[in-house]
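Each value in this text was obtained by applying a stated rule to the coordinates, not by laboratory testing. Because the structure is a prediction, the values reported are computed rather than measured. No Cβ is skipped: glycine too gets one built from the backbone with ideal geometry, and neighbour counts run over all protein chains shown.
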Amino acid sequence: MAKNNVKSRTDWGRLSRLTDKEIHKAVAGDPNAAPIVSAEWFRGANLLEPQTKKAVSIRLDEDVLQWFKRRGRGYQTRINAVLRAYVESHR
């Protein structure tokens, strides 16, 4: 993987000094912020390591491919996710 040489503009020192109360207030005031999850949620979470992908050639209906592509970058990942959901539901 190529190394990103862009210098971060994040003020990590300021972030590390934030209190939990300040973080909760900032999240509550940001409609785009992800919800704060509990320690219980983390205990139930499963870490999924990325699997190695294999390059293949596949023939898809043009309208199906265009539907995924219209949703932007990552369309192949989304196609893979749909196929994975199908496989998992049939195990």
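Quick notes
- Label point distance in nm, Lys25-Thr77, each placed 7 Å from Cα along Cα→Cβ: 3.5
- Within a straight-line Cα-Cα reach of under 20 Å, Lys25 can be paired with the following aspartates and glutamates, leaving aside sequence neighbours fewer than 8 residues apart in one chain: Asp11.
- Using the Cβ-Cβ distance between Val87 and Ser57 with R0 set to 25 Å, the FRET efficiency from 1/(1 + (r/R0)^6) comes to roughly 0.80.
- This structure gives semi-axes √(5λ) of the Cα gyration tensor in Å, computed directly, and of [x] 36, 20, 16; [y] 58, 29, 11; [z] 46, 13, 9 that value is listed as [x].
- Note that the stretch 5-12 has calculated 3J(HN,Hα) couplings of 9, 7, 6, 5, 9, 6, 8, 5 Hz, one per residue in order, obtained from phi through the Karplus relation 6.51 cos²θ - 1.76 cosθ + 1.60 (θ = phi - 60°); glycine and proline are x.
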